[in-house]
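What follows is a single structure, written as structure tokens, with notes after it.
Just so it is clear, none of the values below were taken in a lab; they were calculated from the coordinates. Treat the numbers as computed from the prediction; the structure is a model and nothing was measured. Ideal geometry is used to build each Cβ from the backbone, glycine not excepted, and the neighbour counts take in all protein chains shown.
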Amino acid sequence: MPLPTGDIVGLMVDNLNKRGSVFPLSARKSTRWAKGLGIPRGGETVLYTGAMYQLLPYIVSMVRLLERVEDTFLARYVFLGRFANRFINLSGLAARPSRADVEKYDRMLQNVAGLLQQAGVQFGYLYEDDLYAGALAYDMGVDATLQAHARRVQATLRKHGVRKVITLDPHTTNMLRSVYPTVLEGFDVEVSSYLEVLAEADAEPLRRVAEDVVIHDSCVYARCEGVIDQPRRLLERAGYLLLEPRESRNLTYCCGGPIEALFPKKSHDIGVARVEQLKGTGGKQATTMCPICLASLDKAAGGSLPMEDISVYLRRAYCPVSATLPDIPESQEMVAAGPLRGL
Amino acid sequence: MASKVDLEFAREVATSEEFNAWACMNCGVCTAVCPLGIALMPRKLFRHTVLGLKDEVLEQRDAIFQCLLCRLCQENCTADVHIAENVRFLRSYIDREVFGLDADPAERKDQYALAHR
């Protein structure tokens, strides 16, 4: 039996309504990446993560679970999970990411903060008030739920006096820059991706990295937000030789990630097809600029094509070698119940 | 079985600001480039929608939720149909009418605010 779409979308809606995110994380988990970095709280310009990178290891773990349920008799009982999730944060309890995965995605956030600091960009961070932007609710078409959540985000940004946000992933960029102005009155926050900020700042690499890299464009960046040339400019300036699949730039091909929670097998098949296109360039390593793309393609490649977030490649070239990253606090169990701030 | 026009559904489609498949010329480019290769998507589905054939549309619920919203079809559409937005419109309809989700916030207690008082 296929996974029941209504129950899974319903579970996400319940979480967003009750816990402020489609997949609630405790504030401690979503902010631990920033520990020891000395990023000031708040300010007119903030680095806005929307918790996307922090969520990914937990989503990956949840998808693994759903893959085992899809097309089995267990799919019939997903509605029970949704019912129980109304009382305890079951979605959080079920996801058990590895420490390595959690650290990997937290490092990407640290990379971005380091790149911006190195380029002389001043920014703050909202810590527990850095709320999920609602991309999945928008994609699923639950517009009333999205609008209520977007109002919460707007109120939070106003409370902190934020005038400009620097985003890290395409989905949060798209929500804040292109969707919020259509669902909220008076949403006038300036939104830029960190890739746009770095490109505009003419960030100077500290060293050249003469390596070939296959580039995978995010659909949302390329087709909705016009973020196509900026990542290329940054990588090429650092010496990377970019290899482009035929399906590239505004004609890029999906990673399969958007349907991983509802149709895991189909999602995986699309990821495999995309990996073949990337391999067709002859490249031996690839880069993504979206955490969802990274998770989907890395899994689809199964080690046959090493893949890293673009921030990893940029950090190698634009940040001092001696720059050490603070240790990430030990991973803890999920918070079982009770109000979860921030997410 | 004869197809049946659902007037309520047809009215909602006709008055929607989001749904704009009227310009579709049925050229099939969208289907040709779709990573999922869903034969129905999106031209036939949209034809059913503009005709108000609600049952035929609801039968394609899986296809509607399988869409990646990657917009490769939209990028190649010769008639400038906002395909992703149309799919979102249909998801929104199914969320409300079939799944019973997404009540208007005015009709729903703000659970988040209650939990965070």
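Here are a few things to note about the model shown:
- Unit charges at the beta carbon, dipole of the protein assembly as shown: most positive-side option, A:Tyr180, A:Thr5, B:Ile83: A:Thr5
- Theoretical gain in end-to-end length, A:Leu206 to A:Ala155 [0.36 nm per residue, Cα-Cα removed]: 14.4 nm
- Annotation note: GluC sites (Glu not before Pro) in the range A:156-202 located in DSSP loop regions with a Cβ neighbour count of at most 11 within 10 Å are A:Glu185.
- Amide hydrogen neighbours beyond the local backbone of A:Asp212, cut-off 5 Å, H modeled: A:Leu241
- Since only A:Val121, A:Ile88, A:Ser61 are under comparison, the one whose Cα sits farthest along the positive direction of the charge dipole of the range A:5-200, derived from C-beta charges on Lys, Arg, Asp and Glu, is A:Ile88.
- Straight Cα distances below 28 angstrom link A:Lys279 to the lysines A:Lys104, A:Lys265, A:Lys266, A:Lys299, with same-chain residues fewer than 8 positions distant left out.
- Semi-axes of the equivalent ellipsoid for the protein assembly as shown, computed as √(5λ) from the eigenvalues of its C-alpha gyration tensor and ordered from largest down, come to 34, 27, 21 Å.
- Here is the size of the range A:5-200 from its Cα atoms: Rg then Dmax, 17.2, 56 Å.
- The charge dipole of the protein assembly as shown, taken about its Cα centre with unit charges on the Cβ of Lys, Arg, Asp and Glu (plus for the first two, minus for the last two), comes to roughly 900 debye.
- Student exercise, the range A:212-318 dipole from Lys, Arg, Asp, Glu Cβ charges, in Debye to nearest 20: 60 debye
- Calculated FRET value between A:Asp229 and A:Asp71, using beta carbons and R₀ = 41 Å, to 0.05: 0.45
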